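Data first, discussion second: the structure below is written as structure tokens.
The values are calculated or read from the model by the stated rules, or taken from the named source; none is laboratory data. Small disclaimer: the values here were computed from a predicted structure and weren't measured. A quick note on method: Cβ atoms are made from the backbone with ideal geometry, for glycine too, and the neighbour counts reach across all protein chains shown. Only protein heavy atoms, including side chains, enter the accessible area calculation; ligands, DNA and RNA are left aside. Shrake-Rupley method; radii C 1.70, N 1.55, O 1.52, S 1.80 Å.
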Amino acid sequence: MKTNQRPLLDITSRILEANKGINHILVEGDVALSKKRNAMKCLSGYCKWKKSYNGLVEVPYTISDYFCKNDSEKASIEKAMETFHQKTCVRFVPYYAQSDYLRIKSEMGCWSNVGRDGGEQLVSLSVYGCLDHGIIQHELLHALGFHHEHTRSDRDQYVRINWENVPSVHSSNFHKRDTNNLNMPYDYSSVMHYGRTAFTSVFGEDTITPIPDSSVPIGQRNDMSDIDILRVNRLYECSKAKP
């Protein structure tokens, strides 16, 4: 029996779809450039969120009143945050005049800075395409300091970038970054990994191919991987979630 149902897209493909046509300057499809530092890399821990006296990493946030008008939209954001609470030492806590905090709004598209940027820091989660569980986690992971997995400094050992399928205008989205890989394995299943055909110039053709086994699935659809969770705990120097 034929069906008109569209195949489920991976998280980054859904983000790129939601971000089509927006005027905000982004790199890698959903990363906002900092106005306070001249590089995406965080130096000397400046971009990490601070630990509280209780050993937890508290990330203050506000949610736009726009979401508060719809209980299900606000609940989607809080559910994604709860995953961090259950499995990492990060706690998203209500803002009460802390110096640094996330301001979560429904701007056009889905995007965030990488790491703590200082002061008010916008995370855009448009109600038009950005409120899926994995997409919210993806943008929150950016805000915590994580890059896309395919831009890791050691990525050429694990994936091949098919430059012939990448439009020149989008080639910078596939440049390697000087990343802190935390001695963690490359994670094909990361919620931060691009899908195979991201930014492709040829419909259906790969821009990213896993190596040596090209059949390895990439491009998450649902949730943070186990390595994503371990990576958060390692970056913030807490080996397990705390009560």
Taking only the alpha-carbon positions of segment 142-181 and ignoring solvent, what does the Debye formula give for the base-10 log of I(q)/I(0) at q = 0.16, 0.20 Å⁻¹?
-0.43, -0.64
Heavy-atom accessible area per residue, segment 149-210, 1.4 Å probe: how many Å²?
46 Å²
If you filter segment 147-215 for chymotrypsin sites (Phe, Trp or Tyr not before Pro), then keep DSSP loop positions with at most 11 other Cβ within 10 Å, what is left?
Phe203
Taking the Cα centre of the chain as origin and charging only Cβ (+1 Lys, Arg; -1 Asp, Glu), how large is the dipole, in debye to the nearest 20?
500 debye
For the chain, give the percent of accessible area contributed by carbon and sulfur heavy atoms, probe 1.4 Å, rounded to a whole number.
51 percent
Farthest toward positive dipole pole in the chain [+1 Lys/Arg, -1 Asp/Glu at C-beta], among Tyr194, Thr207, Val90
Val90
Ranked order, Arg103, Arg160, Arg231, Arg177 - accessible area, probe 1.4 Å, largest first
Arg160, Arg103, Arg177, Arg231
Let me have the 222 nm mean residue ellipticity of the chain computed from DSSP H runs of 4+ only, each contributing -39500 (n - 2.57), with the sum over all residues rounded to the nearest 500.
-6000 deg cm²/dmol
Could you tell me what percent of the DSSP beta bridges with both partners in the chain are antiparallel, to the nearest 5?
35 percent
So if the hydrodynamic radius of segment 149-210 is defined as the Kirkwood radius over C-alpha pairs, what does Stokes-Einstein give as its diffusion coefficient at 10 °C and 1.306 mPa s, in µm² per second?
132 µm²/s
Structure-derived Rg and Dmax of the Cα atoms in Å: which label, when the choices are (1) 16.6, 49; (2) 17.2, 52; (3) 17.5, 60
(3)
Can you list residues from other chains, or at least 5 along the same chain, whose modelled amide H is less than 5 Å from the amide H of Asn19?
Cys110
Taking the square root of 5λ for each eigenvalue of the C-alpha gyration tensor of segment 42-102, the equivalent ellipsoid has semi-axes, largest first and in whole angstrom, of 23, 14, 10
How far is helix 226-235 tilted, in degrees, relative to the longest principal axis of the Cα atoms in the chain, given as a value from 0 to 90 rounded to the nearest 10?
50 degrees
Treating only the Cβ atoms of Lys and Arg (+1) and Asp and Glu (-1) as charged, compute the dipole magnitude of segment 149-210 about its Cα centre; round to the nearest 20 debye.
80 debye
Contour excess over end-to-end distance, with Cα ends at Lys35 and Gln98 and 0.36 nm allotted per residue
20.7 nm
